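Okay, so here's the structure we're looking at.
Just so it is clear, none of the values below were taken in a lab; they were calculated from the coordinates. Since the structure is predicted, the reported quantities are computational estimates derived from the model, not experimental observations. Virtual Cβ from ideal backbone geometry, glycine too; neighbours counted across all protein chains shown.
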Amino acid sequence: MKYKLIFLFLLFTCLGFQSSKKAPLSARIANYDIQVKLDVEQKKLIAHTKLIWKNPSADTVSDLQFHLYYNAFKNSESTFFNERGLPALFKTSLQEDCNWSWVEIQNMTDNYGNDLAANMHYIQPDDDNKSDQTVLRVPLPRPVLPNETIEVEFDWIGKIPKTMIRTGYNKDFYFMAQWYPKVGVYEPAGMRYAEKGGWNCHQYHSSGEYYGEFGNYKVAMTVPENYVVGSSGTQPNTPKNNGDQTTTWNFEVDDVIDFAWGASPHFVENKMNWKGIEIRLLTYPEHVHFKERYFSILPQALEFFEENFEKYPYPSLTIIAPPFHGIYTGGMEYPTLITTLNSCLLPTGVRSTEILTVHEFVHQYFQQIVATNEMEEAWMDEGITNFYEGVIMDKIYGEKSSTIDFMGIKTGNAESDRVSYFNMENPAIAPNSLNSWEFPGGSYHTIQYSKSAVWLNTLKRIVGEKTFKEAMKTYYSRWKFKHPSAKDFVDVINEVVAKNHPEEFGEGMDWFFQQVLYGTEICDYAVSSISNNNKITSSGIFDNLDECEKSELVKNEKGEEIFISNVVVQRLGNMTLPMEILVRFEDGKEIIEKWDGMATMTTFSYEGSQKIECAEIDPQHKIFLDKNLLNNSFTSKPNLSGVRKYVNEFMFWMQNAMEGLGMLI
Ligand SMILES: [Zn+2]
């Protein structure tokens, strides 16, 4: 073993991590060199890792902390299974046949020759659950000095789960996500919410996926010779047959926060090139005909981001479309690699394939490049991603038909988020700002994905598309290849809004974020009544009992009757937003009233020869967060907006039903 370690050390010193000639895009804190053998008989990964970790702080760091994600599937009392329950399908296999999965580090040394394995131990920073072994602490006999680099090497074995969520095998399909011992993120004082430097290395929970540090990866996978490998990164050379019925595939990628790969003897490969970016699609034979759909939608998504943010910075993007029996691994995002889902029976008008492809691609920008902490602030990747999924899908397919356009049924993507949020039994159940594992009643998904997309859409409409675009681009440029917090996001939005609209919004939008991001307020404004009454003179007895004045219609100099007209608006929810109210008179004249939206009820009064014909609150439809559109206008003519809402709700449930059907086939 010693000999092997020395040999590897010399080899990597020569080849090194410095071979990349491209200027670094990130700080390259956590750099991996992994050789892994896929044992398809034992369903195991047998591997060796060399990690080069740079201390990004002015602290002396006396330990390393690693995620051991596969240990979430090691026993029935893990935090992951406590939160999610054992999967019904695999209960017998786990409980009676003992098919648990795990990852075990067998030894570990640093570049000073110290044995690090002797004192390593599991910790449970989130819940103190001693049965959870998903975080490993490795004390360092020789601490890492400020800005110094340490090299550690270790052999490890991973027992691969039968497809759990995101990762595992089924039959001879393998998807290796969150598969290797992965160092946490060391947050120096001042980064995100850190008051002093320390590890941010959460246990593996049922909700929330990962938070990773940037670095370079070189991974060599040895697989059976008939297997095809799809992976993060690009291949520096062609796969090498080892002469023992195995082949070794090499992949490399720089400046990423994670690394995933998949393998199967049945993968069919298709490639296309878009502006120098190699797009590689791996599907099962029965799904090859989906190729055109992927190769049509992905360039449009790439183009959108090039126009609105910056060009996709990596040389490759790989799509793995799992077979039906690998369905639990579909719909995931890893750097330069996405997984999707498709079903042969889904017609082209049901755009699940396109939606998933766009969604997972958007994550390349919002989580892989702007590397937020999904365990603590999942809305920053899932919410922003869902929002841009809606923007891109609505732009390409039209906002009324971007999710389904099939047999006369049409529904839009952004609208689906609105319907999903307001169809919750209690949309005020939780704010966006909770840790991922703290959401009550299964509300994580709808609050983090849908609600945040709805309030981002509202923010865009309130500050205007131009300012919103500028703010998001500034946020991206400032925080790419770094780890922003929600506060950093809010600061950028406030800065750009205050610059572009100093009169209108003053210091910025804190009043908005306090409610939509940190609060649970519900927005519902309504026009509750319109009245038009003739103005009449006063009547009755005033000074003299013998003189009774009778009321008369008041008329203007043209002899026209004068009306006292009122519009009553109400705030039915507890969210307060500035509102505009359009008031239209019978002669076509329109007035826009501005209201701070604070009172529960306000009346706007007018006097003149024209009656009010109708009034509408939020006439420009800025407030996408408004729960009930049915009550937004008041008119003598029939109001169809409410009908539209119920049609949309129907469409949403149809979509869910069809996607559910898709899962079963
Ligand atoms: Zn997502």
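Distance between the C-alpha centres of the range 27-68 and the range 184-235: 9 Å, rounded to the whole angstrom. Which whole-angstrom value gives the distance between the alpha carbon centres of the range 256-293 and the range 555-586? Cα centroid to Cα centroid, the span is 59 Å.
About the centre of its Cα atoms, the range 509-623 shows a dipole size close to 340 debye [charges on the beta carbon of Lys, Arg (+1) and Asp, Glu (-1) only; nearest 20 debye].
Ranking Ser477, Pro188, Leu345 by how far each Cα lies toward the positive end of the dipole of the chain (charges on Cβ) leaves Leu345 at the top. Each Cα pair under 8 Å and six or more residues apart adds its sequence gap; the mean of these over the residue count of the range 259-354 is a relative contact order of 27 percent.
The Cβ shell under 11 Å around Lys162 holds other residues with a net charge of +2, Lys and Arg each +1, Asp and Glu each -1. Diffusion coefficient of the chain by Stokes-Einstein, Kirkwood radius over Cα pairs, 37 °C, 0.692 mPa s: 119 µm²/s. Net charge dipole, the chain: roughly 2140 debye, given to the nearest 20, about the Cα centre with Cβ charges of +1 for Lys and Arg and -1 for Asp and Glu.
Here r is the Cβ-Cβ distance between Cys344 and Arg478 and R0 is 45 Å; the resulting FRET efficiency, rounded to 0.05, is 0.55.
For Lys22, give me every one of the aspartates and glutamates with a C-alpha distance below 15 angstrom, ignoring sequence neighbours fewer than eight places off in its own chain. Candidates past the 8-residue exclusion: Glu252, Asp254, Asp255.
Mean sequence separation of contacting Cα pairs (under 8 Å, at least six apart), scaled by the length of the range 392-516, corresponds to a relative contact order of 15 percent.
Comparing Gly408, Asn494, Ile396 along the charge dipole axis of the range 392-516, the residue lying farthest to the positive side is Ile396, per the Cβ-charge model.
Starting with the fewest neighbours, write out Ser436, Ser131, Ser264 ranked by other beta-carbon atoms found within 10 Å of each beta-carbon. Before the final figure, lay out the partial values.
Numbers: Ser436 21, Ser131 15, Ser264 24.
Sorted ascending by nearby Cβ count, the order is Ser131, Ser436, Ser264.
If contacts are Cα pairs under 8 angstrom and at least 6 residues apart, what is the relative contact order of the chain in percent? Could you put the intermediate results ahead of the total?
Details: 1396 pairs, mean separation 64.3, N = 665.
The normalised contact order for the chain reaches 10 percent.
Annotation: amide H of Tyr186 within the under-5 Å range of Asn200, sequence separation 5 or more or interchain, hydrogens built in the peptide plane. When the Cα positions of Asn250, Tyr217, Cys201 are compared along the charge dipole of the range 199-257, Asn250 comes out farthest toward the positive end, with charges on each C-beta of Lys, Arg, Asp and Glu. Determine the alpha carbon to alpha carbon distance for each of Lys74/Lys240; Lys400/Lys466; Lys182/Lys469; Lys50/Lys196; Lys460/Lys482; Lys162/Lys240 and list only those over 31 Å. As for pairs spanning more than 31 Å Cα to Cα, those are Lys74/Lys240; Lys182/Lys469. The length gained by stretching the chain between His121 and Asp97 to full extension, at 0.36 nm per residue less their Cα-Cα distance, is 5.9 nm. Listed by Cβ neighbour count within 10 Å, with the fewest neighbours leading, Arg351, Arg192 appear as Arg192, Arg351.
When Lys and Arg each count +1 and Asp and Glu each count -1, what net charge do the other residues less than 10 Å away from Gln448, Cβ to Cβ, add up to? Can you show the working numbers first?
Details: positive: Lys451; negative: Glu374, Glu377, Asp381, Glu382.
Residues close to Gln448 contribute a combined charge of -3.
Output the antiparallel fraction of DSSP beta bridges having both residues in the chain, as a percent to the nearest 5. Around 85 percent antiparallel, to the nearest 5.
Taking only the alpha carbons of the range 392-516, we obtain Rg and Dmax values of 16.3, 49 Å in that order. In a reduced charge model with +1 at each Lys and Arg Cβ and -1 at each Asp and Glu Cβ, the range 392-516 shows a dipole moment near 400 debye about its Cα centre.
The simple Förster model, with R0 at 22 Å and r as the Cβ-Cβ distance, assigns Lys395 and Phe295 a FRET efficiency of 0.75.
For a footprinting-style exposure proxy, rank Lys22, Lys182, Lys162 by other Cβ within 10 Å, fewest first. All intermediate terms of the calculation are to be shown ahead of the outcome.
On the way: Lys22 9, Lys182 22, Lys162 18.
With the sparsest Cβ surroundings first, the list reads Lys22, Lys162, Lys182.
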